[in-house]
Amino acid sequence: MGKSIVITSGKGGVGKTTTTANLGMALAQRGARVALVDADIGLRNLDVLLGLENRIVYDLVDVVEGFCRLRQALIRDKRCENLFLLPAAQTRDKTAVSPDQMRALVAELKESFDVVLIDSPAGIEQGFQNAVAGADEAVVVTTPEVSAVRDADRIIGLLEAQEFHAPRLVINRIRPAMVSRGDMMDINDILEILAIDLVGVVPEDEHIVVSTNRGEPAVLQNSSLAGRAYRNIAARLMGEDVPFLDLQSANGGLLGRLRRIFGG
Amino acid sequence: MQAQTCVRRHPLRDGTLVEFDAAASFDELLAALARLLDEEAHAFAGPNLIIDVGSRVLGTDQLLDLEALIRRELGPRVLQIVNGEADDILREDGAGDGGAPASLRDGGFPPAAPAEPAAGRRDRPAVGRSEAVILRRTVRSGQRVTCDGSIVIIGDVNPGAEVIATGDVVVLGSLRGMAHAGARGRIDAQVIALRLEPVQIRIGPCIGRRPDQPPGRSLRPEVARVLDGTIVVEPLAGRRRRPAREPGSDRGEPIG
């Protein structure tokens, strides 16, 4: 019996789908049997990030409506044999599925997978309600922007009301140089407001744009700093204690270290 | 006579209790109450009028509409609007923690008016500045806590959250959202926070907003109160008064 984790954020564009694809790949590379569920019905994206768009025959709505069996709709990843994707329908909308149906679907997936990651749509309406319905745990993604943090706070409130007692936080797209100049919210500012456990910090990384366009998650590239951050998050999700990346020295080089020594 | 079924009148020793039906809309209730007041005004004897809104969360506008109607129809009354099902409010608002009503009050304090058993409340309306609802949690963006009386929040009030009380608002944490104290017009209400950094403060009919260029953080507890029609902020303990931290604050339009 596996566990299901919903990846959610409230605000759009903060990197939920990128996070889902990368964590899924990283967990699968560690040997876990992983199913990714794209709950963003009508705005299907997760398949593109994984480069699996051309293999879709059936989708989540087909499974729910009984047009096919679950295992017919699951697509095996082309690089990693224990990673599977259940794609969203592109021609339907969020009302095509109910929370009860999602609960049953995720329960069925948990029987044959170690981890089920559910990629939530933006917003707090039915799509979000569907995505969280079958989840045991939640990971909230935010970026260091006031609006994203406020939406994350709203989502955490909704998750708490639905008895998710310990949602965990990923801070995405942080730019250490801007933080050290005081031009971007730093990690402590965000944690002070949201007050939940931090499971990882992912730096802004050009590799992500390239990997999204090519359908190759960044965790597959050793040179990508974001990829390393996602591998660490995957390890923490499996209960390992991994130190956080030292983003300051990784990006700021000698100057950044000197600035820190002199308290700048 | 469908309209009369959604408001029920119970005579009390020194006044009247009106109960609102849980299913009806606020506008239906207001209309039904207006009719009841019009047709049976003689039945509303006694100085006290208690309106039990159940688990309904009334907005400031609704509270003020209700008060205006009663003042117009009955003249001055000791009016109380109470939540008979106070525990349900927080849950419905998404602020509750699912089946832990104890979070609403603290054993060490006298029970707050909304949490008092209904029977006791009908005989002895509780009005007093010493009573407060204790809420032990962080109020997050999109959540609204309303309270008849004063409220003490042990936790933070985040940006995008609202706390509305007819008495004082005390935040033992950071207040970064909106707080409205004295929501039914009490101008002597106060807003107190360990870190007072709200987007907006309302006290009675006055509105103060955060300056567009926020001043440096104060690490001391502060209190906001109304002086000469303007909301001023000063350290909680010290005597020396800091000039109003909100230079832009002005006497707001009375809401309603």
Quiz prompt | At most 14 other Cβ within 10 Å, DSSP loop - GluC sites (Glu not before Pro), segment A:17-118 | solution = A:Glu81
Exercise. Report the calculated FRET efficiency for A:Asp241 and A:Ile56 (r = Cβ-Cβ distance, R0 = 22 Å), to the nearest 0.05.
Key: 0.05
Quiz prompt | Cα-projected label distance for B:Leu236 with A:Ala166, points at 7 Å along beta-carbon direction, nm | solution = 3.1 nm
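Between A:Asp136 and B:His42, what's the calculated FRET efficiency when r is the beta-carbon distance and R0 is 60 Å? Round to 0.05.
On the way: r = 61 Å, r/R0 = 1.01.
Working from the Cβ atoms, E equals 0.50.
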Quiz item: Which residue, A:Ile193, A:Ile174, A:Ile56, has the most motion in a Gaussian network model of chain A that connects Cα atoms within less than 10 Å?
Solution: A:Ile193
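Within 10 Å of each residue's Cβ, count the other Cβ atoms and sort A:Leu49, B:Leu236, A:Leu225, B:Leu194 from fewest upward. If you can, show how the numbers build up before the last one.
Working: A:Leu49 28, B:Leu236 13, A:Leu225 20, B:Leu194 16.
The fewest-first ordering by Cβ neighbours comes to B:Leu236, B:Leu194, A:Leu225, A:Leu49.
Calculated FRET efficiency, B:Arg136 and B:Glu28, Cβ-Cβ r, R0 30 Å, to nearest 0.05? Don't jump to the answer; show the numbers that get you there.
On the way: r = 35 Å, r/R0 = 1.17.
My answer for the efficiency is 0.30.
Please arrange B:Met178, A:Met178 by how many other C-beta atoms lie within 10 Å of their C-beta, fewest to most.
Values: B:Met178 20, A:Met178 14.
Lowest count first: A:Met178, B:Met178.
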Practice problem: Would you mind calculating the relative contact order of segment A:3-261 from Cα pairs under 8 angstrom and at least 6 residues apart, reporting the percent as a whole number? | Solution: 24 percent
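Do you know the Lys pair count in chain A for C-alpha distances under 22 Å, with sequence separation 8 or more or different chains?
Working: A:Lys3/A:Lys16; A:Lys3/A:Lys110; A:Lys11/A:Lys94; A:Lys16/A:Lys78; A:Lys16/A:Lys94; A:Lys16/A:Lys110; A:Lys78/A:Lys110.
Lysine pairs meeting the criterion: 7.
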Quiz item: Can you put A:Tyr58, A:Tyr230 in order, fewest other beta carbons within 10 Å first?
Solution: A:Tyr58, A:Tyr230
Exercise. Rounded to the nearest 10 degrees, what's the angle between the helix A:225-237 long axis and the longest principal axis of chain A, both from Cα atoms, 0 to 90?
Key: 60 degrees
Quiz item: So for the pair B:Leu74, A:Ser147, with labels modelled 7 Å out along Cα→Cβ, what separation do we get in nm?
Solution: 4.7 nm
Quiz prompt | Simple label model, 7 Å out from Cα along Cβ direction - B:Leu219 to B:Asp65, nm | solution = 4.8 nm
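Which of the three applies to chain A, rounded, prolate or oblate, going by the alpha-carbon gyration tensor with a ≥ b ≥ c and a/c under 1.5 meaning rounded?
Details: a/c = 2.03, a/b = 1.58, b/c = 1.29.
Prolate, since a/c reaches 1.5 and a/b exceeds b/c.
Quick note: the coordinates plus some simple rules give every number you see, no bench work behind them. Since the model is a prediction, treat every value here as computed from it, not as a measurement. Neighbour counts are summed over all protein chains in view; Cβ atoms, including those assigned to glycine, are modelled from backbone coordinates with ideal geometry.
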